[in-house]
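Read the structure below first, then the notes.
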Amino acid sequence: MGLSAAGMASGLDIAGMTQQLVAAERKPKADRITTQQKQVNVSLSAYGQVKSSVSAMQSMLEKFGKDEAFNGQKATSDNSDYLSIKATAKAKSGVYNINIQQMAQSHKLMGEELFSADPEASLGSGEMVIKVGDKSMTLNIGEDNDDLSSVVDAINNADDNPGVTATLINTGKDGGSQIVFSTKETGEKNTIEIDTSAMTGQLASLAYKEGMADSKVEQMQAAQDAKIMIDNFTTVTSSNNTFEDVIEGVTLDLKKLTGTSGSENPETDDIDVKSVKITIESDEKSTKDSLKSFVDSYNSLMGTIDKLTGFDADKDPDDPNRAGALNGDSLTRSVTTQMRNLLNEPIEINGKLYQMSDFGISIQRDGTLELEEDSDKLDDIISENFAVIGQFFAQEDSGFLAKADKLLDSFTDKTDGSLSVKEETLKERQKSLDDDMTELNKRMVAYEDRTYKQFLAMDEAIGQMNNQLSSMMSLMMSFD
């Protein structure tokens, strides 16, 4: 409210006195709320840092699991122009020679007749049945869609299209374009059949079935499976140019045919590359890099926690950085304690117990991890224990990654993770303190208004008293 500078009757600074009383009344309450707000904000920020570090480590461990970081297999092709390869942890080490004898192809047909592109030209009517493999669709061609463009659109846009695409080739000849049918998927099972027995007009000429006599549709490309031979012994086929798990845990992606010898087919006999050698072996470098990343991530988490919970007795007692924002916090200590317990927990593999120390990782007195510094020694440890390392970390349910994810999730889960719950509690406290400050401000406005009115009443009373005193003095003086 607007306050006048002084009392008219008393001469007192009513506005100033009111403001001083309001400030004196407000300060201890506002200071208490502000101090608590600062404490909550600092704690909320600190818990956010801890949760972020825990989540970062959890994400890394989850990625390790997806990437099979500790038990991966490395697969190489000696000629990726012909064949590329990928391997999962299920793959077994070995060397194979692959002959690519046949590439998968889609089925392609072309109608011999030329069709007019004139939108007014009627090409026929009736039912056209198109089949690809064991799927089929029936198109009803009538007056509203019997021109060339409409027929092609009807084929390509049909909801039950079995996997065929119709395109037009303008040959430059008088009379129009030829229609080409091709399958969307490769493989010898995906062959096209076209039944136009219920059609009239020029469209009836598009009938096709393998072995059909007098067909006016030519086969441009036969439907064909891909075919490879492994080590000049085993022949395998695929409907597409990707072979999955023909060799366990291995995916082969064919690029082009390898050469042949003495086949009397110049197209392949003249190809110099007769086979592609693929090699599958343990990816020890990836395992080594993953161990380093794990140690670094864990130490980063411990460093964050140590900074936030630490206490430096050498600093001045009044130094605000003497104690971390979460010094003495039991929840944060719980993260450290439970992670250390997990690191010390042995895991059984094939009837034998293993610990981190068996793989060159030791726990230091300060709680951090240290990886074997001698690179050659670490390489030997990985080489000798490669399969065991993979199981130690990636074993389903009982491996370290699964156990660590479960533990970390108990802290970070959005619904009931202890760090998430703590954050929500602090946010609620933050809101409550904001509400307290808003309520205090409202009360102070009312207190200011009430105090000012009281001073005005006092000023008025003083004015009345002064008037009465002046009257009495005048009266007394009149008696003289």
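The values are calculated or read from the model by the stated rules, or taken from the named source; none is laboratory data. Just so we're clear, the structure is a prediction, and the values are computed from it rather than from any experiment. Quick reminder, even Gly has a Cβ in these numbers, built from the backbone with ideal geometry, and neighbours come from all protein chains shown. Each accessible area value is taken on the protein alone, full model and side chains, heavy atoms only, with ligands, DNA and RNA left out. Shrake-Rupley method; radii C 1.70, N 1.55, O 1.52, S 1.80 Å.
Just a few scattered comments:
- One chain, two ends: Ala213 and Glu244. Fully extended at 0.36 nm per residue, the span grows by 7.2 nm beyond their Cα-Cα distance.
- C-alpha long axis of helix 14-67 to longest principal axis of the chain, angle in °: 20 degrees
- Dipole of the stretch 375-415, positive direction: furthest Cα of Ala387, Leu407, Ser375, with charges on the beta-carbon: Leu407
- Partner lysines for Lys131 [C-alpha distance under 28 Å; skip if fewer than 8 residues away on the same chain]: Lys108, Lys184, Lys189, Lys209, Lys216, Lys227
- Taken about its Cα centre, the stretch 261-314 carries a charge dipole of about 320 debye when Lys and Arg each add +1 at the Cβ and Asp and Glu each add -1 at the Cβ.
- Contour excess over end-to-end distance, with Cα ends at Leu114 and Glu62 and 0.36 nm allotted per residue: 12.8 nm
- Approximate spin-label separation Val421-Asn145, in nm, with each point projected 7 Å along Cα-to-Cβ: 6.1 nm
- This model, with +1 at the C-beta of Lys and Arg and -1 at the C-beta of Asp and Glu, gives the stretch 268-353 a dipole about its Cα centre of some 300 debye.
- The magnitude of the dipole of the stretch 12-134, with charges of +1 and -1 set on the Cβ of Lys/Arg and Asp/Glu and taken from the Cα centre, is near 1420 debye.
- Hits among aspartates and glutamates - C-alpha to C-alpha of Lys406 under 15 Å, sequence gap 8 or more where chains match: Glu62, Glu345, Glu396, Asp397, Asp416
- Sparse packing (at most 16 other Cβ atoms within 10 Å of the Cβ) combined with a DSSP loop state is found for the following trypsin sites (Lys or Arg not before Pro) in the stretch 195-286: Lys209, Lys216, Lys255, Lys256, Lys274.
- Probe 1.4 Å, protein heavy atoms only - accessible area per residue of the chain in square angstrom: 56 Å²
- Selection from Thr336, Leu21, Gly249 lying farthest towards where the dipole of the chain points positive, charges on Cβ: Leu21
- Helix 148-157 and the longest principal axis of the Cα set of the chain meet at an angle near 60°.
- Of Lys86/Lys352; Lys66/Lys285; Lys288/Lys414; Lys63/Lys414; Lys173/Lys256; Lys90/Lys135, pairs whose Cα-Cα distance is over 25 Å: Lys86/Lys352; Lys288/Lys414; Lys173/Lys256; Lys90/Lys135
- Inter-part distance where the stretch 307-336 and the stretch 171-197 are each reduced to a Cα centre, Å: 76 Å
- Here's the picture: charge each Lys and Arg Cβ at +1 and each Asp and Glu Cβ at -1 in the chain, and of Gln102, Met477, Gln219 the one pushed furthest to the positive end of that dipole is Met477.
- Taking 18 Å as the limit for the C-alpha separation, the pairs Lys29/Lys422; Lys74/Lys277; Lys51/Lys427 exceed it in the case of Lys29/Lys422.
- Qualifying trypsin sites (Lys or Arg not before Pro) in the stretch 304-404, DSSP loop, other Cβ atoms within 10 Å at most 13: Lys315, Arg365
- Accessible-area composition of the chain, carbon plus sulfur, in percent [1.4 Å probe]: 46 percent
- Restricting the stretch 381-458 to GluC sites (Glu not before Pro) in coil, as DSSP defines it, with at most 16 other Cβ within 10 Å: Glu396
- Between the stretch 351-382 and the stretch 32-79, the alpha-carbon center distance in angstrom: 23 Å
- Taking a straight line from the alpha carbon of Lys453, these aspartates and glutamates sit under 17 Å away, with near neighbours fewer than eight places off in the same chain left out: Asp13, Glu25.
- Calculated mean projected area of the Cα convex hull in nm² (choose from (i) 50.6; (ii) 23.9; (iii) 25.9), label: (i)
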